Amino acid sequence: MSARTHDNERRAVLGDTASFDQFVHEHQLALVRYAVLLSGSRADAEDLVQEVLVRIYQRWAELDGSTGSPYAYVRRAVTNEYLSWRRRWSTRHIRTVAELPEGEHLDRPRDEHDERLWRLLRELPRQQRAAVVLRYYEDLTDAEIAEILNCRLPTVRSHVSRGLAALRSAIGMPERAWRSHD
C-alpha cells in the first residue's frame, strides 16, 4: 500500500470519527432521555445507548453517507435494543433480592403526580410502552412508529390504545373525562 493511499484512508477514518463524535455530541442527551422513558432507569438507559452507539460506530461511514436520517436509524436501534435487551437482562445481571435497594435504581420524578404516572408507564408491556413513548415523547406518526417497531399500522394503534387504556384505568379516569382533556 502506498503512503498516499494510507493517508487518504486515515483522513477518511478521521472524518468518519469526527462526524460520529459530532452526532453523539448533538444527540446523546436526547437518546438517553428517550431510553430512560423506555427502561425506567438512567443507568440502564445510558448502558443501552452506549451499546447501540458502539455497534453503530463500526458502520458509521455507510450510515452517515446514506440518504436517511442517522438520528431516526439510531433511535430505532435504541428501541430494538430495549425490546430485546430486557429479555437478555436476566442472563447478564444475576442478583439476589436482598442486594436490590428499594427503588434506588429509579430516577426520581419531580412531583407525586409525575411519580405515579412514571410508575404506571413502567408497568406497561414493552411494546405498548415503546409505542406510547414514541407517540407522545418523540411525537412520531403511526407510520413512523410502525417502522421502528417493525409492525403494521393497526398493531401500532392497538399498542397505543391499549397502553393509554391501561394508564387511564390505573389512574381511575373514565375515557370520557380523559378525552375532554385533549
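The values are calculated or read from the model by the stated rules, or taken from the named source; none is laboratory data. The structure presented is a predicted model; accordingly, all values stated were derived computationally and were not measured. Please note: Cβ atoms are built from the backbone with ideal geometry, for glycine as well, and neighbour counts cover all protein chains shown. Note: areas computed on protein heavy atoms with side chains; ligands, DNA, RNA excluded. Shrake-Rupley method; radii C 1.70, N 1.55, O 1.52, S 1.80 Å.
A few points about this structure:
- Residue selected from the range 149-182 under the condition more than 20 Å from the chain's Cα centre (by Cα) and not in a helix (DSSP H, G or I), by the criterion modelled with the lowest pLDDT: ASP182
- In the range 139-148, the condition of being open to solvent by less than 80 Å² (accessible area, probe 1.4 Å), at pLDDT 90 or above and among the polar types (S, T, N, Q) is met by at least one residue.
- Answer residue from the range 127-138, given it is within 11 Å of the chain's Cα centre (by Cα) and open to solvent by 20 Å² or more (accessible area, probe 1.4 Å) and is farthest from ARG168 (Cα to Cα) among those: GLU138
- Flag if ALA43 is buried (at least 18 other Cβ atoms within 10 Å of the Cβ), at pLDDT 90 or above and assigned to a helix (DSSP H, G or I): no
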